[in-house]
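Engineer: The structure under discussion is supplied below as structure tokens; questions concerning it will follow.
The values are calculated or read from the model by the stated rules, or taken from the named source; none is laboratory data. Since we're looking at a predicted model, the values are computed, not measured. Backbone-built Cβ (ideal geometry, glycine too); neighbour counts: all protein chains shown.
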């Protein structure tokens, strides 16, 4: 049975939660966040690199990335409005994020942005460094919607 990305993130968060609590108690919120951020960044970069190595035909262009993105939406994890989809741009807004809802329900709203939101741009760095993400806001950080603007740099 294949787990959805949402379910994988839930399992990861269950493991990270007591680690974060221990870091928080010992080091305080700023240092605890910094350690979690660094660890998640490394994991996301490695995941992007691994999926690039496994890419069918070695294709890691933006259309191939868009196909991968379907996995993050699986199981109703994200509700989105696509604004543009070309070979060099993929722009959309997330209007509902079950990842954010899950982290809040788990009491992890203080690091939910690190556990998921931070991954988005870092993952794509590992997958294809020519693809960039610009995002002005996220639901996890209190905005009404997340603004995803992926583009290919020449």
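Engineer: Answer yes if at least one residue in region 73-91 is within 18 Å of residue 10 (Cα to Cα), modelled with pLDDT under 95 and buried (at least 19 other Cβ atoms within 10 Å of the Cβ), and no otherwise.
Structural biologist: No, region 73-91 contains no residue that is within 18 Å of residue 10 (Cα to Cα), modelled with pLDDT under 95 and buried (at least 19 other Cβ atoms within 10 Å of the Cβ).
Engineer: Ok, one more. Kindly provide the set of residues from region 39-72 that are loosely packed, with under 13 Cβ neighbours inside 10 Å, under 14 Å from the mean Cα position of the chain (by Cα) and either at pLDDT 95 or above or on the phi > 0 side of the Ramachandran plot (or both), ordered by number.
Structural biologist: 42 - this is the single residue of region 39-72 that is loosely packed, with under 13 Cβ neighbours inside 10 Å, under 14 Å from the mean Cα position of the chain (by Cα) and either at pLDDT 95 or above or on the phi > 0 side of the Ramachandran plot (or both).
Engineer: Turning to a different aspect of this structure: Run down 8, 17 and say which single residue is more than 19 Å from residue 129 (Cα to Cα), assigned to a helix (DSSP H, G or I) and free of Cβ contacts under 8 Å to residues at least 12 places away in the same chain.
Structural biologist: 8
Engineer: For region 127-147, which residues satisfy the criterion of being closer than 19 Å to residue 37 by Cβ and crowded, with 20+ Cβ neighbours inside 10 Å?
Structural biologist: Correct list: 138, 139, 140, 146.
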